[in-house]
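Undergrad: Shown below is the structure under consideration.
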Amino acid sequence: MMKIAEQSACGKSILLGEHAVVYGQPAIAVPMEDIRAYAWIEENNDKEGVRVEAIDLDEEIIIEDENKHQFAIVINDLIKKNKTEKLNFTVKLTSEIPQSVGMGSSAATSAAVCRCVAKYLGISLSQEEESELVFRAEEVVHGTPSGIDNNVIVYEKPILFVKGEAPKILHSKKDLYIVIGQSGVESSTMEMVKNIRKLVKENPNEFEIKFDKIGKLVEESEKNIENGRVDKIGVLMNENQEILREMQLSHPELETIIEIAKRAGALGAKLTGKGGGGNVVAISDKVETQKLIANSIEGAGYRVCKTKVGATL
Ligand code: PMV
């Protein structure tokens, strides 16, 4: 069958600032352009109404008015804008982005569905509107997301993000070579954010100091991205990891991957996203070192993906 209005959206990785970003500190995230979610439309001949078929999960979601599923939030909003009475189509969805490992799978699938349905219905959305809609879908999945995922995925550019503000697009003076090592240990963003909230309630002063420190590391990193000092960004990422470890967000598997990455020449390596499992992000200023890091992590039995944040200055 013909793929109508096919659209895609990328994955993402947080370089620095996760968790502190929920409490108003800045964070830096980069798109993973080569790892994507794809959505397209097939018109229903034999079925009534609107549905999403998540091919990889072998799951069909029927979109109804009261449906609070992430895709229903997106599609119902677009249908309201379109004002056509009777719609009859299926959104087919497939994704290369691993789920529940902090690579933005939920925001990317929502963005791909949003882009494809908007195109099919002839609705033009600004990036800001698209990001806002994906954020509302993220609330269903993650509870109280900071908004970093929907922004980096919709703009598909490295960003400095502060909750409630428009993202600042970052321009890198030098190529940044990134390796993501996947621990394979699952954890839930909603749970990890809740755990931190509980700790913050118990020790507000201690956490305020930690979040402030992380915020300063992020601000320093922003300057170093724009100056092309990848070595300095690496040092700042390592310092960020120390604080995340103190916050009980690391995991033995993550520490193993971090060590492997550093031994292979990474300039910095830390957990990325929610922690408690999930992924490690490691950086380098050379493609050869990136390969070495990826091969070493893979050699130890973990899955990897690579990306490059290209120089734009
Ligand atoms: O879903 P993840 O693993 O990318 O983690 C989200 C990052 C947090 O800062 C922990 C939460 C948030 O909403 O920013």
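The values are calculated or read from the model by the stated rules, or taken from the named source; none is laboratory data. Predicted, not measured: the structure shown is a model, and the values here were computed from it. Methodologically, a virtual Cβ is constructed for each residue, glycine included, from the backbone with ideal geometry; neighbour enumeration extends over all protein chains shown. Calculation scope for accessible area: heavy atoms of the full protein, side chains included, ligands and nucleic acids excluded. Shrake-Rupley method; radii C 1.70, N 1.55, O 1.52, S 1.80 Å.
Undergrad: Place a +1 charge on the Cβ of each Lys and Arg in the range 133-278 and a -1 charge on the Cβ of each Asp and Glu, then give the dipole magnitude about the Cα centre in debye, rounded to the nearest 20.
TA: I would put it at about 200 debye.
Undergrad: What is the distance in Å between the Cα centres of the range 89-146 and the range 287-305?
TA: Taking the Cα centre of the range 287-305 as reference, the centre of the range 89-146 is 30 Å away.
Undergrad: From the backbone phi of the range 65-77, what are the Karplus-calculated ³J(HN,Hα) couplings (6.51 cos²θ - 1.76 cosθ + 1.60, θ = phi - 60°) in whole Hz, Gly and Pro given as x?
TA: Calculated HN-Hα couplings, in order: 3, 8, 5, 9, 5, 3, 6, 5, 4, 5, 5, 4, 4 Hz.
Undergrad: May I ask for the distance between the Cα centers of the range 206-233 and the range 44-82, given as a whole number of Å?
TA: Each part reduced to its Cα centre gives a spacing of 41 Å.
Undergrad: If you don't mind, another one. So if we plug the beta-carbon distance of Lys308 and Ser100 into 1/(1 + (r/R0)^6) with R0 = 22 Å, what FRET efficiency do we get, rounded to 0.05?
TA: Approximately 0.30, to the nearest 0.05.
Undergrad: May I pose another question? With θ set to phi - 60°, apply the Karplus curve 6.51 cos²θ - 1.76 cosθ + 1.60 along the range 193-205 and write out the HN-Hα couplings as whole Hz, x wherever there is a Gly or Pro.
TA: Per residue, the Karplus-derived 3J(HN,Hα) values read 5, 5, 4, 5, 4, 5, 5, 4, 5, 6, 10, x, 5 Hz.
Undergrad: Hey, any idea what % of the chain's accessible area is carbon plus sulfur with a 1.4 Å probe?
TA: Carbon and sulfur atoms account for 47 percent of the accessible area of the chain.
Undergrad: Which order do peptides 103-112, 173-182, 59-68 fall in by mean Cβ count within 10 Å, highest first?
TA: The peptides rank, most packed first, as 103-112, 173-182, 59-68.
Undergrad: Could you work out the helix-only [θ] at 222 nm for the chain, with each DSSP H run of four or more residues adding -39,500 (n - 2.57) and the total divided by the number of residues, to the nearest 500 deg cm²/dmol?
TA: -14000 deg cm²/dmol
Undergrad: What figure in square angstrom, to the nearest 10, would you give for the accessible area of Ser126 with a 1.4 Å probe?
TA: Surface accessible to solvent at Ser126 totals approximately 50 Å².
Undergrad: Determine the dipole magnitude for the range 4-168: charges of +1 sit on the beta-carbon of Lys and Arg, -1 on that of Asp and Glu, nothing else is charged, the reference point is the Cα centre, and the result goes in debye to the nearest 20.
TA: With only Lys, Arg, Asp and Glu charged at Cβ, the dipole is about 500 debye.
Undergrad: So, one more: Each residue of the range 207-224 in turn: what ³J(HN,Hα) in whole Hz from Karplus with 6.51, -1.76, 1.60 and θ = phi - 60°, glycine and Pro shown as x?
TA: So the Karplus estimates, Gly and Pro as x, are 6, 4, 5, 4, 5, 4, 4, 4, x, 5, 4, 5, 4, 4, 5, 4, 4, 6 Hz.
Undergrad: With the contact rule set at Cα under 8 Å and sequence spacing of 6 or more, what percent relative contact order holds for the range 1-44?
TA: Taking the mean separation of contacting Cα pairs over the length of the range 1-44, I get 52 percent.
Undergrad: Also, I was wondering about something else. Which residue, Gln248, Val230, Val200, has the largest displacement toward the positive end of the dipole of the range 171-309 when charges sit on each Cβ (Lys, Arg +1; Asp, Glu -1)?
TA: Most positive-ward Cα: Val230.
Undergrad: Take the Cβ-Cβ distance between Lys216 and Glu298 as r, set R0 to 45 Å, and report the resulting FRET efficiency rounded to the nearest 0.05.
TA: 0.85
Undergrad: Leaving out ligands and nucleic acids, note down the accessible area per residue over the chain with a 1.4 angstrom probe, in whole Å².
TA: Here the per-residue accessible area is 45 Å².
Undergrad: Between their Cα atoms, which of Lys201/Lys232; Lys262/Lys308; Lys12/Lys223; Lys173/Lys286 are more than 23 Å away from each other?
TA: Lys201/Lys232
Undergrad: Would you pull out the residues with amide H under 5 Å of Glu18's amide H, same chain only if 5 or more places away, H placed 1.01 Å from N?
TA: Sorted by chain and number, the residues that satisfy this are Gly273.
Undergrad: For the chain, what is the charge dipole size about the Cα centre, in debye to the nearest 20, if Lys and Arg each add +1 at the Cβ and Asp and Glu each add -1 at the Cβ?
TA: 780
Undergrad: Taking the radius of gyration and the Kirkwood hydrodynamic radius from Cα positions alone, what is the Rg/Rh ratio for the range 171-309, to two decimal places?
TA: Rg divided by Rh gives 0.98.
Undergrad: Between Val101, Ala311, Ser183, whose Cα lies farthest towards the positive end of the dipole of the chain when Lys and Arg beta carbons carry +1 and Asp and Glu beta carbons carry -1, centred on the Cα centre?
TA: Positive-most Cα among the choices belongs to Ala311.
Undergrad: Then there is this: If I model a spin label as a point 7 Å beyond the Cα along the Cα-Cβ vector, how far apart are those points for Glu48 and Asn227 in nm?
TA: 6.6
Undergrad: What distance in nm separates the simple spin-label points at Glu33 and Ile55, each placed 7 Å from Cα in the Cβ direction?
TA: Each label point is offset 7 Å from its Cα along the Cβ direction, giving 2.4 nm.
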